[in-house]
1. Rounded to whole Å, give me the distance from the Cα center of the stretch 72-88 to that of the stretch 136-166.
2. Per-residue counts of other Cβ atoms within 10 Å, averaged by peptide: what ranking do you get for 26-33, 85-92, 5-12, highest first?
3. So what's the net charge close to residue 124: Lys and Arg +1, Asp and Glu -1, counting the other residues with Cβ under 13 Å from its Cβ?
4. Using a 10 angstrom cutoff on alpha carbons, build the Gaussian network for the chain and name the most mobile of 124, 59, 69.
5. How high is the FRET efficiency between residue 88 and residue 207 when r is their beta carbon distance and R₀ equals 30 Å, given to the nearest 0.05?
6. Quick one: length gained pulling residue 97 to residue 129 fully straight, 0.36 nm per residue minus the C-alpha distance?
7. Please find, in a Gaussian network model of the chain (springs between Cα atoms separated by less than 10 Å), the residue of 117, 52, 131 whose mean-square fluctuation is greatest.
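Please treat every number below as a calculation from the coordinates, not as lab data. Predicted model, so just to flag it, every value in this text is computed and none were measured. Note that we place each Cβ from the backbone using ideal geometry, even for glycine, and neighbour counts take in every protein chain shown.
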Amino acid sequence: MKRKLPLIVFFFGFLVGLTMAVVVIWADLEASLFNPAILADDSLNGLRCPLFMTTGETRQVSASVKNDRDRPLTVTLRAHFTAGAVTLIQEFDSRQTLEAGEARWVSWPIFSEDAAFDRLVLARVFTLRAFGEPPRQGSCGVVVVDWPFMPGWLVSVLLLSASFGAMGGGAFWAYRQRSPHGFTRRTAVSLLSLAAVVAFGVIAGVMGWWLIGTGLLVMMFLLLVVANLERLAG
C-alpha cells in the first residue's frame, strides 16, 4: 500500500484538475451557444469573466474597448446575460465616448441567481458597428458553486493549488521511488505528461479557448487508454 501512495496522491490532483478543466470548458462551450441571434465576424478579445462564483455572490464581467483612431469615437456595447434560464435574457446597453487612443474597461454585475441550470451564468457581449469599426462579440461562462462560505476567487485558488500541488508532489514522489522500489522513471514521465495536459486544459478554459480545451481533454483520454493498454500488455 505504501508504494501506491504516490500514485494515489497524483490521481487525486489529476481528478481535481480534470474536473476543473471540464466544468470551465463546459461553461465556455455553453456560452458560445448562448443567444447567437446577433453575429459578428470579429472577436471581442478583451472580455474577462471570473471562473467561479458562489451562491449569493455578486461578481463582474468586464470588456475592454479602445479607440485606435485619431479622433473621438462613441462605442455602444450590448451585454446579454442569462436570467435564470438560457431562454431568459437580460440586455444592457452602454455607450462609451473614447478620446483618440483611449482604452477603457466597462463592467456589468452578475448574480448567482441568474444562473442557467442553477450552475452557469452565461454572458455574451457585443460592440456594435460605429464609424467604420466592425462589430465584435465575445462570450464566456461562469460556474456557480454552492459554497456560500467562501468567494469564487478562493475556489479557483484552492482547486488549482490542490490539483497542481498533488500532481507535482505525487509525480516527484513516484520518481524518487523508481525501480526497483516501485515506480519506473517511465511511469513518472507518463504522470508528468498527464499533468501537463491537465494544466493546458485549465489554461484553455481560463482563456476561453473551449475548442482547444476540448481537444486537450480528448488527448488526455487517449493518453489514459494507451497507458492502460501498455500496462495490460506488460
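1. What the calculation gives is 23 Å, centre to centre.
2. On the way: 26-33: 20.0, 85-92: 12.5, 5-12: 18.0.
Highest to lowest by the protection proxy: 26-33, 5-12, 85-92.
3. Numbers: positive: 78, 136; negative: 28, 30, 91.
In short, -1.
4. Judging by the Gaussian network model, the answer is 69.
5. Numbers: r = 28 Å, r/R0 = 0.93.
In this case the efficiency is close to 0.60.
6. Numbers: separation 32, 0.36 × 32 = 11.52 nm, distance 1.39 nm.
The span from residue 97 to residue 129 would gain 10.1 nm if fully extended.
7. Comparing 117, 52, 131 in a Gaussian network model of the chain, the most mobile one is 131.
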